[in-house]
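**Student:** Quick one: structure below, then a few questions.
Coordinate-derived values only; no laboratory data. Note that the structure is a prediction, hence the values are computed from the model and not measured. Neighbour counts are summed over all protein chains in view; Cβ atoms, including those assigned to glycine, are modelled from backbone coordinates with ideal geometry.
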Amino acid sequence: MDETYQNYVNRMARLTLPSTYETQLQHIQKSPKFKEGTPVPFPGFSAIAPLAENDSHNSTFYSHLETIQQQLLEQLDPGLFVPIPAKNFHLTIADLIWDSAYKDLTAKNPDFDLQLQKYLRESFHNYKQTVLPSTSGQWQLLGLVMLPRALTVGLVPTDEADYEKIIQLRRSIYQNSNLISLGIEQQYYLTGHVTLGYFGDIRSDLDRDRIVKILSDFNDRWLESEPQFLTIDRVQLHKFNDMTRYWREPDWPVVEL
């Protein structure tokens with residue numbers, strides 16, 4: 001289901017254009033994951049690169065994102081942008097299960113969590129059997145990317161090999177018949193991003209032109225400065241209770257890339 005490397009790079013580049021912001025701002029929505037700035041229960045599992053708080057190799061990268069997050073909070077309309085804790089910044093490799101789907105499946109199957117862990121470990125093992133060892137992948141910060149309910153930074157791999165490693169890992173997950181039997185399915189193309197925060201109150205008189213300028217100015221500064229890179233050396237299973245609380249047990253599946 002995922003795209004070729006060049007199609008991915010082209011799509012991500014379009015997402016950082018002012019004209020794209022203008023279009024997307026007509027359709028942004030308040031995130032249901034927060035109520036008056038407070039996170040609401042939203043349980044599930046994802047396969048992600050390590051959380052910022054546990055990723056010393058990328059501390060400079062995540063520190064930069066925290067600075068950007070604070071500047072956005074200062075510049076955007078009060079209440080529009082609900083930031084997440086910087087310690088939880090991360091890149092999602094594969095969405096697995098969340099919210100009502102997770103609640104329904106666990107209600108029917110009390111062993112769901114344990115089976116998910118077992119089968120994801122199986123996927124990680126299969127990935128290691130099919131992909132040759134290589135150096136850690138690097139993904140470059142491309143610019144701010146607006147999703148319907150969130151504001152993020154978009155990432156592109158430095159070369160096709162780095163992209164293909166992630167795509168192969170996603171295939172090993174989404175094509176695992178045991179995971180499919182649990183109800184895990186691929187619902188989205190890969191859109192490499194780190195979420196900075198979610199949309200809150202969207203006023204009827206929102207100055208969309210001003211927001212386009214704010215976001216574009218960030219991107220212009222990045223184009224003129226040294227590139228920022230996120231190094232991806234492993235992917236781990238994490239559980240989340242809401243969008244501010246991600247965690248994992250030491251024996252849960254992890255794969256070195």
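**Student:** Go through (1) farther than 28 Å from Asp2 by Cα; (2) within 14 Å of the chain's Cα centre (by Cα) and name the single condition Ala150 misses.
**Tutor:** (1)
**Student:** Of the residues Ser31, Ser63, Ser19, which single one is closer than 30 Å to Trp252 by Cβ, part of a helix (DSSP H, G or I), out of contact with any helix residue (DSSP H, G or I) (no Cβ under 6 Å at 6 or more places or on another chain) and not charged (D, E, K, R)?
**Tutor:** So the residue among Ser31, Ser63, Ser19 that is closer than 30 Å to Trp252 by Cβ, part of a helix (DSSP H, G or I), out of contact with any helix residue (DSSP H, G or I) (no Cβ under 6 Å at 6 or more places or on another chain) and not charged (D, E, K, R) is Ser63.
**Student:** Would you point out which residue out of Ala161, Ala101 is over 18 Å from the mean Cα position of the chain (by Cα), within 25 Å of Gly44 (Cα to Cα) and assigned to a helix (DSSP H, G or I)?
**Tutor:** After ruling out the rest, the residue left standing is Ala101.
To keep it simple, each residue is scored yes or no on (1) among the hydrophobic types (A, V, I, L, M, F, W, C); (2) over 24 Å from Leu206 (Cβ atoms).
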{"site": "Ser31", "(1), (2)": "no, no"}
{"site": "Ala47", "(1), (2)": "yes, yes"}
{"site": "Glu53", "(1), (2)": "no, yes"}
{"site": "His57", "(1), (2)": "no, yes"}
{"site": "Glu74", "(1), (2)": "no, no"}
{"site": "Ile84", "(1), (2)": "yes, no"}
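**Student:** Turning to a different aspect of this structure: When the residues of region 164-214 are narrowed to those that are of a type in the set (D, E, K, R) and in a helix (DSSP H, G or I), which ends up surrounded by the most Cβ atoms within 10 Å (Cβ to Cβ)?
**Tutor:** Arg170
**Student:** Quick check: is even one residue across region 9-16 over 19 Å from Tyr198 (Cβ atoms), of a type in the set (A, V, I, L, M), touching a Ser or Thr at 6+ places or on another chain (Cβ under 9 Å) and not in a helix (DSSP H, G or I)?
**Tutor:** No, that holds for no residue.
Here is a yes/no grid of residues against (1) touching a residue at least 40 places away in the same chain (Cβ under 8 Å); (2) touching an Asp or Glu at 6+ places or on another chain (Cβ under 8 Å):
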residue: Pro83; (1), (2): yes, no
residue: Thr92; (1), (2): yes, no
residue: Lys103; (1), (2): yes, no
residue: Pro110; (1), (2): no, no
residue: Gly137; (1), (2): yes, yes
residue: Gly154; (1), (2): yes, no
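**Student:** Could you list, in sequence order, the residues of region 96-152 that are farther than 19 Å from Ala49 by Cβ, touching a Gly at 6+ places or on another chain (Cβ under 6 Å) and aliphatic (A, V, I, L, M)?
**Tutor:** Leu105, Leu151
**Student:** Right, another one. Looking at region 114-130, can you tell me whether even one residue there is more than 21 Å from Ser46 (Cα to Cα), in contact with a Phe, Trp or Tyr (Cβ under 9 Å, 6 or more places away or on another chain), in contact (Cβ under 8 Å) with a residue 60 or more places away in the chain and not in a strand (DSSP E or B)?
**Tutor:** No, region 114-130 contains no residue that is more than 21 Å from Ser46 (Cα to Cα), in contact with a Phe, Trp or Tyr (Cβ under 9 Å, 6 or more places away or on another chain), in contact (Cβ under 8 Å) with a residue 60 or more places away in the chain and not in a strand (DSSP E or B).
**Student:** Of all residues in region 215-239, which are within 15 Å of Ile48 (Cα to Cα) and crowded, with 19+ Cβ neighbours inside 10 Å?
**Tutor:** Answer for region 215-239, where residues must be within 15 Å of Ile48 (Cα to Cα) and crowded, with 19+ Cβ neighbours inside 10 Å: Leu230, Ile232, Val235, Gln236, Leu237, His238, Lys239.
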